[in-house]
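*Asks:* What follows is a single structure, and I will ask about it in a moment.
The values are calculated or read from the model by the stated rules, or taken from the named source; none is laboratory data. No experiment lies behind these values; they were computed from the predicted model shown. With ideal geometry, Cβ positions are generated from the backbone for all residues, glycine too; neighbour counts draw on all protein chains shown. Side chains are part of the model used for accessible areas, which takes the heavy atoms of the whole protein and leaves out ligands, DNA and RNA. Shrake-Rupley method; radii C 1.70, N 1.55, O 1.52, S 1.80 Å.
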Amino acid sequence: SSGINAEYGEEAKEVKENIESYFHSRRGGNTSNKTLHDLQLEELDHNKTMKLLSKVKIQYAQEKAALFGEHCQHFVEWMMYLQDGFNLCLYGVGSKRNLLITFARKQLKHRLHLVVNGYFPNLTSRDVLNSITRDLLEYEGTFRTAHDQIVYIREHAHDPIYILFNNIDGSNLRTEKAQQILSSLASLKKIRMVATVDHINSPLLWDEDRGQHFNWLWIDCTTFDAYENETSTESSLMIKQTGALALSSMNHVLRSLTPNAQGIFRLLANFQLECGDDFQGITFQDFYLKCREKFLVNSDATLRTQLTEFRDHHLIKSRSADGTEVLHIPVDLKILRQFLEGSQG
């Protein structure tokens, strides 16, 4: 027995020495301090990049189509799960956006439904609630809090409302507040939710309490499709950033705001344009007086509430100057002018 142990000991020692010798022979070496910027490659704008990518041949197209068709065969089963009180969370490698759109077209054509693109950088949970109350329930009023809005939905949604959520784990929806609101919404009796997730840590968004509210049924929907839409708003060292995305963001947010809120934002935008390049911001008090003159607000508390929503959307920034709050819109004047011309046209 001792002879066997000694033999194994010698063998283990030899293996250890071989491993150490291997890594010792490969340690060090020259490293480069070159960066991608040093290559001085031509930067492409977003449209040109998309045009070039559209010419790239899709690999394994037949296999992807077959996989997509296999998922579509489960749509009736998904509807059964939703009607039984479950919400569906679709996970897996590849974009699931086209799958959700196909599901809506085939199963929800004659049902109340809402498609939400959670990957949109300026989307907030309040936008989702506003779309339900205004577009689906046709309520034009406002709500003091998100809780009041959820209560309204609970009391006035007589038919099931299906919410299709592309990326409920979007970067702007990963906050405690946003997920609390969405989980409360998902728990309503008339709400049916189908959501997709792509971040590897998405399940960590929900503790036990929120998980019970969402009541997820997890479904593997691997598609291997490219994340074209989901990554369209991301920055890249290879793509020259233009104002197109900022303009698209502002237009999207404007449509979700109340008429008064739209007026407040346009007022600030117009004032910033009038001042031109010399604009250093406008104090809260001066802006409040301008809003009062236009009958857009009736108190400074109302304006502060609206400015908080603008900040949530990253539409405005504020700084302190000698103890006074100063406001401005952080976009180029050219983009701001295009935004105003488009929104008024």
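*Asks:* What does the C-alpha gyration tensor say about the overall shape of the stretch 44-130? Classify as rounded when a/c is under 1.5, otherwise prolate if a/b is larger than b/c, or oblate.
*Replies:* oblate
*Asks:* With a probe of 1.4 Å, find how much accessible area the stretch 85-132 has per residue, and write the answer as a whole number in Å².
*Replies:* 39 Å²
*Asks:* Subtract the Cα-Cα distance of D135 and I200 from 0.36 nm times their separation in residues, and report this length gain in nm to one decimal.
*Replies:* Difference between extended and current length: 20.1 nm.
*Asks:* Still on this structure, I have one more. Can you work out D for the stretch 256-345 in µm² s⁻¹ from Stokes-Einstein, where Rh is the Kirkwood radius over C-alpha pairs, the temperature is 4 °C and the viscosity is 1.567 mPa s?
*Replies:* This corresponds to a translational diffusion coefficient of 97 µm²/s.
*Asks:* Then there's this: Leaving out ligands, DNA and RNA, and with a 1.4 Å probe, what % of the accessible surface on the stretch 283-328 is carbon or sulfur?
*Replies:* That fraction is 48 percent.
*Asks:* Follow-up. List every residue whose amide H lies under 5 Å from the amide H of I316, counting only residues 5 or more places away in sequence or on a different chain, with H placed 1.01 Å from N in the peptide plane.
*Replies:* Here the answer is R311, since their amide H atoms fall under 5 Å of that of I316.
*Asks:* For L88, which sequence-distant residues (separation of 5 or more, or a different chain) have an amide H within less than 5 Å of its own amide H, given hydrogens modelled in the peptide plane?
*Replies:* When sequence neighbours closer than 5 places are left aside, the close amide H contacts are M193, V194, A195, L217.
*Asks:* Right, another one. Just tell me which lysines come within less than 18 Å, Cα to Cα, of K51; anything on the same chain fewer than 8 places away is out.
*Replies:* K240
*Asks:* Beyond a 31 Å Cα-Cα separation, which of these cross-linked pairs lie in this structure: K177/K334; K294/K334; K57/K106?
*Replies:* Pairs exceeding 31 Å: K177/K334.
*Asks:* Next question, about the same structure. Output wanted: per-residue J couplings in Hz (rounded whole) for the stretch 110-120, from phi through Karplus 6.51 cos²θ - 1.76 cosθ + 1.60, θ = phi - 60°, x for Gly and Pro.
*Replies:* 10, 10, 5, 8, 9, 9, 10, 9, x, 7, 5
*Asks:* Which of the peptides 329-340, 178-189, 137-148 is most tightly packed, and how do the rest follow, judged by the mean count of other Cβ atoms within 10 Å per residue?
*Replies:* 178-189, 329-340, 137-148
*Asks:* Using Cα positions and a limit of under 19 Å, work out the lysines in reach of K64, with same-chain residues fewer than 8 apart set aside.
*Replies:* Correct list for K64: K55, K96.
*Asks:* Still on this structure, I have one more. Would you please classify the overall shape of the stretch 89-167 from the alpha carbon gyration tensor, given that a ≥ b ≥ c denote the square roots of the eigenvalues, rounded means a/c under 1.5, and beyond that prolate means a/b larger than b/c while oblate covers the rest?
*Replies:* Taking the square roots of the gyration eigenvalues as a ≥ b ≥ c, the stretch 89-167 is oblate.
*Asks:* Tell me the trypsin sites (Lys or Arg not before Pro) within the stretch 51-119 that lie in a loop according to DSSP and have at most 10 other beta-carbon atoms within 10 Å.
*Replies:* Sparse-neighbourhood loop trypsin sites (Lys or Arg not before Pro): K55, K57, K109.
*Asks:* Quick one: which residues, 5+ away or cross-chain, put their amide H under 5 Å from the amide H of I161? H built at 1.01 Å from N.
*Replies:* Amide H neighbours of I161, under 5 Å, 5+ apart: I191, R192.
*Asks:* So if I place +1 on the C-beta of Lys and Arg and -1 on the C-beta of Asp and Glu, and nothing else carries charge, what would the dipole magnitude of the stretch 253-345 be about its Cα centre? I want it in debye, nearest 20.
*Replies:* My answer is approximately 280 debye.
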